[in-house]
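Participant: Here it is, the structure in full.
Values quoted throughout were computed directly from the atomic coordinates according to the rules given, and no laboratory measurement underlies them. Because the structure is predicted, anything quoted here is derived from the model rather than measured. Because the Cβ atoms are built from the backbone with ideal geometry, glycine has one as well, and the counts that use them run over all protein chains shown.
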Amino acid sequence: MHPYYHPIFFFVDSEVTIIGAGVVGLAIASELSRYYSRVFVIERHDHFGMETSSRNSEVIHSGIYYRPGTLKARLCREGRDMLYRYCRGHDIGYRKCGKLIVATQKNDIDKLKEILATAHKNDVSDARMITAGEAEKMEPHIRTVQNLFFPSSGIVDIHGLMQSLENESVNRGVDFAYGCEVIGLKQDPGNHEYIISILDTDGSSFDFTSRYVINSAGLGAEKIARMAGIEDPQYKTWFWKGEYFALLNGKHKLINRLVYPVPEPNTTGLGIHTTPDLSGRQKLGPNALFLEDGKIDYSVDPTHAKEFYQKASRFLPFLEPGDLAPDQAGIRPKLQRPGDPARDFIIREEEKKGFPGLVNLIGIESPGLTAALSIGNHVRSLLKKYD
Ligand SMILES: Cc1cc2nc3c(=O)[nH]c(=O)nc-3n(C[C@H](O)[C@H](O)[C@H](O)COP(=O)(O)OP(=O)(O)OC[C@H]3O[C@@H](n4cnc5c(N)ncnc54)[C@H](O)[C@@H]3O)c2cc1C
């Protein structure tokens, strides 16, 4: 651990403490460091981005699926534009490769029309319907009857992005405490601050205070909110695993763009799709497996290759069963169980609950990566009233 990252060198009092160094916590740190002088980031692992932020599709979403008026719709659209600008300005790898949603049967065409209507309501104005012929000119190896094309979708090097956000934060004076788990959070109303207890990897524990606390703990965010004394049934989080399989045998070279199926009804993911990365690899995934016991388990079940093959070969006719190898898995913190309607992000400054200056971010699943920079701005706007 780098010495200036070790908490005992600097823990006195902080103005802002951010719990969690995933892409969202880092984006918040970078933004808040423009306005506050003592900003701490506390992360239980020895490095940033060891959980959901390094286990996803790295897709910059255009913002088409989310109910108009929701935080997901607004922050995704704003975050997408900010992210492209940020990548250009900071030399971070990205590719605006575009995305196709492919209908493989006539029955799916109405669904494409619905998605297009939602896209337009969400101001994704470059989305358009294209014929099978046009799609096959872009991607000669796919099978389709009708398609939606989203030129503004892309992929990003999320590790480069997180590294840049960390560097920027450190340069603006943010202190990072890695290998430190938050094990207690309580309010000290007399002093208008919070007392945070942390456990270091060497087993020592200590407390410090913070005027503002940002709970950006991803899979651990509901637990942190409860530590503070907030028992809100709306914050109940369920874990859903998403597995990926890598495309082998040279088949990764046959596809260049993001190619998605029409989402199945009541689906909790976007359907098994192709995900190119910047090194030229291709993955298929993710599926959406409800983890009823809430245990974090990143294994990929090789027997699921069969289902991946069946679903993806509808639009990737060149696939053969032996072309898939288990790859990574990630876990989504969702606010819904199977069959429940889709829920929005919860990003709330908790003054109304009696916790002024505490911001909870709960259920930050997809499009959390795309929205990360705009979430940073949104969190700042929630704290502005205290200036
Ligand atoms: C399979 C999958 C695919 C996805 N694909 C996309 C995509 O293509 N595009 C997109 O926009 N989004 C996607 N997402 C969503 C995106 O990955 C997440 O929204 C985003 O990474 C969330 O970032 P975060 O910082 O909130 O959470 P995390 O990355 O989970 O960071 C939270 C951090 O908090 C730390 N923490 C937790 N508890 C404590 C504690 N008590 N003390 C100290 N530290 C703690 C954790 O160690 C962790 O590092 C996908 C997600 C999944 C699972």
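Participant: Would you mind checking the tilt of helix 158-171 against the longest principal axis of the Cα atoms of the chain, expressed as 0 to 90 degrees and rounded to 10?
Facilitator: Orientation of helix 158-171: about 20 degrees from the principal axis.
Participant: Determine the dipole magnitude for the chain: charges of +1 sit on the beta-carbon of Lys and Arg, -1 on that of Asp and Glu, nothing else is charged, the reference point is the Cα centre, and the result goes in debye to the nearest 20.
Facilitator: Value, rounded to 20: 1400 debye.
Participant: Ok, one more. At what distance in angstrom do the alpha carbon centres of the range 22-83 and the range 292-368 lie from each other?
Facilitator: First find each Cα centre; the distance between them is then 16 Å.
Participant: Just subtract the alpha-carbon distance of Tyr84 and Tyr298 from 0.36 nm times their residue separation and send over the number in nm, one decimal.
Facilitator: In short, 74.1 nm is gained.
Participant: Rank the residues Lys121, Lys384 as a footprinting-exposure proxy: fewest other Cβ atoms within 10 Å of their Cβ go first. Intermediate results must be reported in sequence, preceding the final value.
Facilitator: Details: Lys121 14, Lys384 9.
With the fewest neighbours first, Lys121, Lys384 line up as Lys384, Lys121.
Participant: Would you please give the residues with an amide H less than 5 Å from that of Ile18, counting only those at least 5 places away or on a separate chain, with H modeled from the backbone geometry?
Facilitator: Amide H neighbours of Ile18, under 5 Å, 5+ apart: Phe40, Val41, Ile42, Ile214.
Participant: Assuming R0 = 30 Å, can you tell me the calculated FRET efficiency for the pair Met50 and Lys306, based on Cβ-Cβ distance, to the nearest 0.05? Working shown, then result.
Facilitator: Numbers: r = 31 Å, r/R0 = 1.02.
About 0.45, to the nearest 0.05.
Participant: Using the alpha-carbon centroid of each, what span in Å lies between the range 84-132 and the range 188-252?
Facilitator: 32
Participant: Among Val41, Ile130, Ala225, pick out the residue whose Cα is farthest towards the positive end of the charge dipole of the chain, where Lys and Arg carry +1 and Asp and Glu carry -1 on C-beta, about the Cα centre.
Facilitator: Ile130
Participant: Taking the Cβ of Thr104 as the center, what net charge do the other residues with Cβ under 12 Å away carry, scoring Lys and Arg +1 and Asp and Glu -1?
Facilitator: Neighbourhood net charge equals +4.
Participant: Let me ask something else. Can you tell me the Rg and the Dmax, both Å, for the Cα atoms in the chain?
Facilitator: 21.3, 68
Participant: Expressed as an acute angle from 0 to 90° and rounded to the nearest 10, what is the orientation of the C-alpha long axis of helix 71-90 relative to the principal long axis of the chain?
Facilitator: In the chain, helix 71-90 runs at an angle near 90 degrees to the longest axis.
Participant: Taking the Cα atoms only, what angle lies between the long axis of helix 368-383 and the longest principal axis of the chain, rounded to 10 degrees?
Facilitator: 30
Participant: Could you bin all the Cα-Cα distances of the range 336-387 into 5 Å bins starting at 0 and give me the percent of pairs in each, rounded to whole numbers?
Facilitator: 4, 17, 25, 21, 16, 11, 4, 1, 0
Participant: While we're here: Give Lys111/Lys334; Lys306/Lys334; Lys223/Lys334; Lys334/Lys385; Lys186/Lys334 a once-over and call out the pairs whose C-alpha atoms are over 19 Å from each other. Spell out each step's value before the answer.
Facilitator: Details: Lys111/Lys334 24 Å; Lys306/Lys334 26 Å; Lys223/Lys334 14 Å; Lys334/Lys385 29 Å; Lys186/Lys334 25 Å.
From the list (Lys111/Lys334; Lys306/Lys334; Lys223/Lys334; Lys334/Lys385; Lys186/Lys334), the Cα-Cα distance tops 19 Å for Lys111/Lys334; Lys306/Lys334; Lys334/Lys385; Lys186/Lys334.
Participant: Let me ask you something else. Give me a comma-separated list of calculated 3J(HN,Hα) values for the range 16-24, in order, Karplus coefficients 6.51, -1.76, 1.60 applied at θ = phi - 60°, integers in Hz, x for any Gly or Pro.
Facilitator: 3J(HN,Hα) across the range 16-24, in whole Hz: 10, 10, 10, 9, x, 10, x, 4, 6.
Participant: Listing Cys87, Cys76, Cys97 from the residue with the fewest other Cβ atoms within 10 Å to the one with the most, what is the order?
Facilitator: Numbers: Cys87 21, Cys76 27, Cys97 16.
With the fewest neighbours first, Cys87, Cys76, Cys97 line up as Cys97, Cys87, Cys76.
Participant: Mind putting a number on the dipole of the range 160-238 about its Cα centre? Charges go on the C-beta only, +1 for Lys and Arg and -1 for Asp and Glu, and I need it in Debye to the nearest 20.
Facilitator: Charge dipole of the range 160-238: 220 debye, to the nearest 20.
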